[in-house]
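Step one of this worksheet: look at the structure below.
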Amino acid sequence: MCLFEMGFEEKAIKLQVKEEKACETKKICLHAFTDLTYVAPIVFLYLLKECYVHAATTGDSLEAKIIAVRLFLDIVEGSIDHDERIAVKILEVFDIKLTDIEKVASQSKAKNDRRFHNVKAFLEQYIFGFIESESYMTAVNLLEHFSIRQSGESFLVKMIEKKQFRAAEKWATFMGKPMLSMLVQEYVDRNKLKNAYLIVKKNNLQQEFPDVHHKYKESALKKLAEKACWDVAEAKANGDRQLVDYLVYLAMEAGYLEKVDELCNRYSLEGFPKAQEHEAIFLQHCFLNLNELGVEDIIWVDELNGLGKATCHIEGSKVVGLDCEWKPNYVKGSKPNKVSIMQIASDKKVFILDLIKLYNDVPDVLDNCLTHILRSPRILKLGYNFHCDVKQLAQSYGDLECFKCYNMLLDIQSMFEDPRGGLSGLAEKILGAGLNKTRRNSNWEQRPLSQNQLEYAALDAAVLIQIFYRVCDHSHAADALDGHNKIEWKSYIVSHMDNPRKSRKESRLRKEPEPEVKDNEA
């Protein structure tokens, strides 16, 4: 074990180490060493602590502190290359105060050095070097350790501008309440409301900043509203009337008018216009609707007979659109929720399968029906990033075979080199209007689903068919694809049929001819 002495005479400190019944004498050798650049602070700290502990037990703690002060002075005067954190650790471990440094400096070789005539000024110059090099946390630690309070608001602002928030808070806390108040105001002015809120809460500054709490909460609600996480936002509001009012305002601004009425009814809010009756007009002018896509019916499927009828209808279709939805999970690190519904759209109808209920009630029939649909070579199945959905389906219902293999799947996303904007962006590019995505993160496990949820889900599946039709229509190809040639969509069809256990029925299905979808009819 070695402890480094920089410019000091070699000295031996005897350590008594008891190992069971034996007693062995060891030494810490103080070797000259002038470069601490590559010495990890944690290693150096360990060595310092060992020296300090054993010195204290042998009555030499004062001598150990003197050695540490000399080491620190060598570091300060620049004769030793070092990791900046080591200087701070030396001060902390040996509890070195300004008076200790002044005493050692007056008795050592430094007494002839004019730089040490005013130790405090010399230390301030040393600390200023860290400020200049933007090593703010080291500078703050040293200023706090030596109780130097000369730096003020400009130093605080500089740390904030450089995003050194931990150093800024530590400095403001050391300086006291006025500086903490300045820090809070700087955060408020820069719209860093979470930082401001945490400092106010931690330092009991509610009286000085009564509005920070609500501003922070409103900021959090706005971020959730932008992601359409209305249920989470409402839970965050926790019944606070002011926050609920703000949430209603956000819902109105986002066009989520159904939520406006829901909140007004739940919390008995008055003064807000009834929004439900105006929503259809709003959506009609801004987004695609089912009537424009030719959809005549949305059919909810949650029992055996409905599933059979849906399967018969879908098996008679040449092209279908597929999509699915599940309840968002906002708990970091937790597993995603089960897929709640699966939408299957034909030209005129959209079937919405309640997977949760069907799986609980008739799992074998559900498996058989979806196997026929997903593995049929006669049905072209359209999806958007559907590989993600298939993976989620397989994880949600691992004992079903239907989600492990598929045939004749065309992922619309793969046909375009620049898929920015998602499905809504693609719909706007091809069909001239996007999709209303405000209900994307709603609770898909609630039963019954609202009419707006049903329409949202149906649109996501039905629009795939219309995009496919438009892309395959040569007369619209130039406009839709920015002048590119007509897409050869057949080359994008994929299958995943690697299940080693194939029934005879599946083998017969494979032998059936592929669907003849003419480009001008597709």
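The values are calculated or read from the model by the stated rules, or taken from the named source; none is laboratory data. If you're wondering where the values come from, they're calculated on a predicted model, not measured in any experiment. Glycine also receives a Cβ, built like all others from the backbone with ideal geometry; neighbour counts cover every protein chain displayed. With ligands, DNA and RNA removed, areas are computed over all heavy atoms of the protein, side chains included. Shrake-Rupley method; radii C 1.70, N 1.55, O 1.52, S 1.80 Å.
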### Task
Only residues in region 144-158 that are surrounded by 14 or more Cβ atoms within 10 Å (Cβ to Cβ) count as the first member; pair them with residues that are in a loop (DSSP other than H, G, I, E, B), Cβ under 9 angstrom, at least 6 apart or cross-chain, and list the lot.
His145/Ile96; His145/Lys97; Phe146/Lys97; Lys158/Glu134; Lys158/Gln164
### Message
Suppose the filter is surrounded by 21 or more Cβ atoms within 10 Å (Cβ to Cβ), at pLDDT 80 or above and either among the acidic types (Asp, Glu) or assigned by the TED database to the domain that holds Asn329 (or both); does Leu426 pass it?
### Response
yes
### Message
Suppose the filter is crowded, with 17+ Cβ neighbours inside 10 Å, touching a residue at least 60 places away in the same chain (Cβ under 8 Å) and not charged (D, E, K, R); does Leu353 pass it?
### Response
no
### Query
Would a scan of region 321-338 turn up a residue that is open to solvent by 60 Å² or more (accessible area, probe 1.4 Å), of a type in the set (A, V, I, L, M, F, W, C) and either at pLDDT below 95 or within 30 Å of Ala235 (Cα to Cα) (or both)?
yes
### Query
Picking from Pro419, Pro363, which residue would you name as being open to solvent by less than 60 Å² (accessible area, probe 1.4 Å), in the same structural domain as Ile467 (by the TED database) and at pLDDT 95 or above?
Pro363
### Summary
Asn368: passes all of (1) in contact with a helix residue (DSSP H, G or I) (Cβ under 8 Å, 6 or more places away or on another chain); (2) open to solvent by 20 Å² or more (accessible area, probe 1.4 Å) but (1)
### Task
Within region 456-509, count every residue that is at pLDDT 85 or above and surrounded by fewer than 13 Cβ atoms within 10 Å (Cβ to Cβ).
0
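Residues checked against (1) at pLDDT below 95; (2) open to solvent by less than 30 Å² (accessible area, probe 1.4 Å):
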site: Ile373; (1), (2): no, yes
site: Leu382; (1), (2): no, yes
site: Cys388; (1), (2): yes, no
site: Tyr397; (1), (2): no, yes
site: Leu410; (1), (2): yes, yes
site: Ser414; (1), (2): yes, no
